[in-house]
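Asks: Here's a structure for you.
The values are calculated or read from the model by the stated rules, or taken from the named source; none is laboratory data. Since the model is a prediction, treat every value here as computed from it, not as a measurement. Methodologically, a virtual Cβ is constructed for each residue, glycine included, from the backbone with ideal geometry; neighbour enumeration extends over all protein chains shown. Surface accessibility is based on the protein's heavy atoms, side chains included, excluding ligands, DNA and RNA. Shrake-Rupley method; radii C 1.70, N 1.55, O 1.52, S 1.80 Å.
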Amino acid sequence: MDGAVAGHAPRFIAKSQESGQWPVIVGNRPFPGDDELARFVEDASADGAPSATDLLAAAAALDPQDVLRRGWQGSLPTGEDAQDPAALEVYDESPPDRPVPPIPQRLTPWGMATIALIPAATSEAAVAVLGWGNWNACPRPEEHVAVLRRWRILYGAQLKALSPDTMELVVANPPGTIADALTLAREHYAYAPDIVDQGEHSTIGALAAALVGTSHWHFWWD
């Protein structure tokens, strides 16, 4: 598959509705992705791994706003850090006074790509099939499913690419104003704080500016 994979995403998504298989680009840009694909299969089929059916049922019982609220509360500095201006800088929602870098597309290939066809009817169900998540600060698979379902409904956001620690979505209806994008940026930070704490956009305000009108979202967990 050549480097135009990203541009072909709508066609692949349309085909998935016919086939019941969701296409996911696997791996990091410099690599074909075969090792990552093998790892996904191994994790999903490991003894004791919850089934996709169980994860989808667990996700259906979750309120995605509660998931994001807990993520936000967990991101807040505590103790002495709660009074440290440096620890609070990431929460600055002021519009930046200079252009911000675009949302990164580290998993989008420019050469060969591995595309996994996941037996799933929706974008978020593919995450449940893979059992993806639940390490370090990364949410549990059912929490991913609940949040991604919310964003699919609100923004037309669909899973495009995965690596062992990174997720990228293609977005049909991104926010068109900085005010709307600020609400979304708070949710992104609650979901994956590393995209601000260790990413290209050092504040929630800068992330919001980058989210206005963009058709691509990027998340990663340390």
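Asks: Output the peptides 160-172, 112-124, 59-71 sorted from most to least packed, where packing is the average of other Cβ atoms within 10 Å over each peptide's residues.
Replies: With the highest mean Cβ count within 10 Å placed first, the list reads 160-172, 112-124, 59-71.
Asks: Also, I was wondering about something else. What is the local net charge at A209, summed over the other residues whose Cβ is closer than 14 Å to its Cβ (Lys, Arg +1; Asp, Glu -1)?
Replies: My count for the surroundings of A209 gives -3.
Asks: Using the Karplus equation 6.51 cos²θ - 1.76 cosθ + 1.60 (θ = phi - 60°), what ³J(HN,Hα) coupling, rounded to whole Hz, does each residue of segment 176-188 give in order, writing x for Gly and Pro?
Replies: Per-residue couplings from phi come out as x, 10, 5, 5, 5, 5, 5, 4, 5, 4, 4, 5, 4 Hz.
Asks: Which of T53, S94, A82 sits farthest toward the positive end of the charge dipole of segment 51-97, with +1 on the Cβ of Lys and Arg and -1 on the Cβ of Asp and Glu?
Replies: Value: T53.
Asks: Let me ask another. Using the Cβ atoms and a cut-off under 15 Å, what net charge is assigned to the surroundings of R70, where Lys and Arg are +1 and Asp and Glu are -1?
Replies: Overall, the nearby charge balance is -1.
Asks: When the Cα centres of segment 175-192 and segment 47-101 are compared, how far apart do they sit, in Å?
Replies: Centre-to-centre (Cα) distance: 12 Å.
Asks: Another question, then. Using a simple charge model, +1 on the beta-carbon of Lys and Arg, -1 on the beta-carbon of Asp and Glu, nothing else, what dipole does segment 53-145 show about its Cα centre, in debye to the nearest 20?
Replies: 480 debye
Asks: Sorted by packing (mean other beta-carbon atoms within 10 Å per residue), highest first, where do 194-200, 214-220, 142-148 land?
Replies: For the peptides 194-200, 214-220, 142-148, the packing ranking is 142-148, 214-220, 194-200.
Asks: Ignoring ligands, DNA and RNA, what percent of the accessible area of segment 88-217 is carbon or sulfur (1.4 Å)? Show your work: numbers first, answer last.
Replies: Working: 2750 of 5130 Å².
Taking all protein chains in place, segment 88-217 shows 54 percent carbon and sulfur surface.
Asks: What number comes out for the charge environment of V100, summing +1 per Lys or Arg and -1 per Asp or Glu over other residues with Cβ under 14 Å away?
Replies: Working: positive: R98; negative: D92, E93, D97, E200.
The answer is -3.
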